[in-house]
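Here's the structure we're looking at; comments come further down.
Computed from the coordinates by the stated procedures, all read-outs in this text should not be read as laboratory data. The model shown is predicted, which means the values in this text are computed figures rather than measured ones. Every residue, glycine among them, receives a Cβ derived from its backbone with ideal geometry; neighbour counts consider all protein chains shown.
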């Protein structure tokens, strides 16, 4: 150990020790990766993003500041903060309500009992083209338990 270094046991606990680490460290990412990260925050990671909106708001950030940081519209940020206030922690994570009536799964199950080469598009047409996506109508039977 050099003459200017002091061992941990010889230090005064009230003494402030300067570190050789830089005061600020910034991530350096290419523009393409930045775009991918922002897209992820609006896509698969949006639940975490909504939680961050609430946390940042709780520590005093303005909706406009949060919106700028996360690339959202300030009205969207205010909406998620309001949903958190009214619905609690599961509000922002819950997303939009499912479309289609609760009986839709039963109706699809009954149709599937009819012998026919059912496709998602045929089911959708058989229901009179409801205001749900073909994907939703295809996934409904999976969550339906007819017994």
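The table that follows gives values for the structure above.
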item: Inter-label distance, nm, simple model (7 Å from Cα along the C-beta direction), residue 106/residue 75; result: 3.9
item: Cα-projected label distance for residue 59 with residue 87, points at 7 Å along beta-carbon direction, nm; result: 2.5
item: Residues 79, 125, 28 arranged by fewest to most Cβ contacts within 10 Å; result: 28, 125, 79
item: Potential lengthening between residue 118 and residue 26 on full extension [0.36 nm per residue; Cα-Cα distance subtracted]; result: 27.6 nm
